[in-house]
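Heads up, the thing below is written out as structure tokens.
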Amino acid sequence: LLAEPASAVLHGKTKLPIRASLITNWRRGQIKLLIGTRQSALLPAKKLGLIIITQSSSDDYRITDRNPRFDVRLATQLQADQHNARLISCDHFPRVENQINQIFSSPLILSDQISQIDLNDKQEWSGQPMVSASLIEAIQEALQSGQKVLCSYNRKGVAKRLQCANCGHLPKCGTCGNLPIIRLTDLICSICATEMWPPKICPACGSTKLKNQGLGNEKIADGLHQLFPNNTVAILEKGQAVPNSQILVATEYYFSGVHEPFSKKNFGLVAELCFDHHLSGNFRAREQAGRKLFRLIHLARQQRAKCLIQTWSPAEVKLMLDSTAFLKDELNLRTRYHLPPVYDEIHGRVSEKSQRAIILYELRQLPDSEVIQTDIDSYAPPRDYTS
């Protein structure tokens, strides 16, 4: 399709003269097929018959940090209604909003597609962190058959953080204040790329008890190299070239910037080393974790590889494997704790406590409203409030 003259690709790095020509031809109807990024959802078209949103469950489609602030899914729905076009949303895992809007997706039940490893089982302990006995056996089988191994682990460096055991202080980057990544010999900031030596004493209390907390992919790669000294082990993360190694320890960057869905990579094993990492974060963490789980399963299926999931929460993984049951359970949790999409979410910032009280009072006067807040005890307006 891309070879046809009536098709075009539009993205953020398209040069301005080409961009202007593409938008004009798309509006005139001279371009019949447009493959574009989020901005394409706002472009006027002459006549649309079909709109396809890939990876439709991704939060990247909801733009709130800069103008124009919009949700691509809502914009494409508006375009589909205006043109009487068909709208298709496809992803590895449906959204919780589908249950609210009564958009019924095909149920996904893939319990027979993976092998779970319960990290609570002492028989799985191998002496290497995040490398279970069953994982070692599966890696050996893949390597003996001449295939590669992909280990998904979204933690950079040797450890997650450097922390003082005496006062709990976390040394931060002196340039931007972000927590740096702990590497084998130094520290590096993931935000501003500042490199620094590890401090020998705590900046807060002067203690020398600074210890690494958590586990990074460099530590795991070193352990895999000790277990398989005759095979090559490499780390794939943002800012590094794609290595040609037999065992690959990859971060989220592999799925967002490297993976080609239509190519064969000769993987014999696809493994998630710690699924529980995906369960932490905001209230959408469980939904996002389910999406990443199915993404890994589909990758293994496309590669005809064995899929292995290591977790401390096997019951949670089992529930996610039935998408219909999981979405109903997640919707019940959102309803119980007054979270989106059941309740609207509004973020605001004001400088004075009296102003916050006025805003809360006004919101509570709206029909069918229920305002949840935690930092103000009184909801009554101030005495001088008259308008």
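Taking the range 269-286 on its own, how many of its residues are farther than 20 Å from Gly216 by Cβ and open to solvent by less than 10 Å² (accessible area, probe 1.4 Å)?
The first filter runs over the range 269-286 and keeps only residues farther than 20 Å from Gly216 by Cβ, leaving 269-270, 282-286.
Imposing the further condition that a residue be open to solvent by less than 10 Å² (accessible area, probe 1.4 Å) reduces the set to 269-270, 285.
Of the residues in the range 269-286, 3 are farther than 20 Å from Gly216 by Cβ and open to solvent by less than 10 Å² (accessible area, probe 1.4 Å).
Of everything listed in (1) open to solvent by 30 Å² or more (accessible area, probe 1.4 Å); (2) small (Gly, Ala, Ser); (3) under 28 Å from Arg286 (Cα atoms), the single unmet condition for Ser56 is (1).
Before we move on, is Ala204 surrounded by fewer than 14 Cβ atoms within 10 Å (Cβ to Cβ) and among the aliphatic types (A, V, I, L, M)? Full working, then the answer.
Numbers: surrounded by fewer than 14 Cβ atoms within 10 Å (Cβ to Cβ): yes; among the aliphatic types (A, V, I, L, M): yes.
Yes; evaluated as a whole, the condition is true for this residue.
One residue stands out among those in the range 59-94 that are among the small types (Gly, Ala, Ser) and in contact with a Lys or Arg (Cβ under 8 Å, 6 or more places away or on another chain): the one that is most open to solvent (accessible area, probe 1.4 Å), which is Ser89.
Would it be correct to say that Glu124 is in contact (Cβ under 8 Å) with a residue 40 or more places away in the chain, under 27 Å from Ile297 (Cβ atoms) and either touching a strand residue (DSSP E or B) at 6+ places or on another chain (Cβ under 7 Å) or surrounded by fewer than 17 Cβ atoms within 10 Å (Cβ to Cβ) (or both)? Answer is no for this residue. When only residues in the range 309-350 that are of a type in the set (Ser, Thr, Tyr) and in contact with an Asp or Glu (Cβ under 8 Å, 6 or more places away or on another chain) count, which is modelled with the lowest pLDDT? Selected residue: Tyr343.
The residues of the range 60-70 that are of a type in the set (Asp, Glu) and more than 16 Å from Cys90 (Cα to Cα) amount to a single one, Asp65. When the range 149-176 is filtered for residues that are in contact with a helix residue (DSSP H, G or I) (Cβ under 9 Å, 6 or more places away or on another chain) and in a loop (DSSP other than H, G, I, E, B), the ones remaining, listed by number, are Tyr153, Asn154, Arg155, Lys156, Gly157, Val158.
Considering every residue within the range 236-246, establish whether at least one is part of a strand (DSSP E or B) and without any contact (Cβ under 8 Å) to a residue 40 or more places away in the chain. Within the range 236-246, one or more residues are part of a strand (DSSP E or B) and without any contact (Cβ under 8 Å) to a residue 40 or more places away in the chain. Taken over the range 247-266, the criterion of being part of a helix (DSSP H, G or I) and either surrounded by 19 or more Cβ atoms within 10 Å (Cβ to Cβ) or touching a helix residue (DSSP H, G or I) at 6+ places or on another chain (Cβ under 7 Å) (or both) is satisfied by Tyr254, Phe255.
Restrict the check to the range 21-34 and report whether at least one residue is part of a strand (DSSP E or B) and open to solvent by less than 100 Å² (accessible area, probe 1.4 Å). Reasoning before the result, please.
Of the residues in the range 21-34, the ones part of a strand (DSSP E or B) are 33-34.
Next, only the ones that are open to solvent by less than 100 Å² (accessible area, probe 1.4 Å) stay: 33-34.
Yes, the range 21-34 contains at least one residue that is part of a strand (DSSP E or B) and open to solvent by less than 100 Å² (accessible area, probe 1.4 Å).
Looking at the range 154-176, is at least one residue exposed (fewer than 15 other Cβ atoms within 10 Å of the Cβ) and within 25 Å of Ser245 (Cβ to Cβ)? No, the range 154-176 contains no residue that is exposed (fewer than 15 other Cβ atoms within 10 Å of the Cβ) and within 25 Å of Ser245 (Cβ to Cβ). Taken across the range 211-230, residues that are in contact with a Leu (Cβ under 7 Å, 6 or more places away or on another chain), assigned to a loop (DSSP other than H, G, I, E, B) and either more than 18 Å from Pro129 (Cβ to Cβ) or without any contact (Cβ under 8 Å) to a residue 60 or more places away in the chain (or both) do not occur at all.
The values are calculated or read from the model by the stated rules, or taken from the named source; none is laboratory data. These numbers come from a predicted model, not from an experiment. So basically every Cβ, Gly included, is an ideal-geometry build from the backbone, and we count neighbours across all protein chains shown. For accessibility, only protein heavy atoms count, side chains too; no ligands or nucleic acids. Shrake-Rupley method; radii C 1.70, N 1.55, O 1.52, S 1.80 Å.
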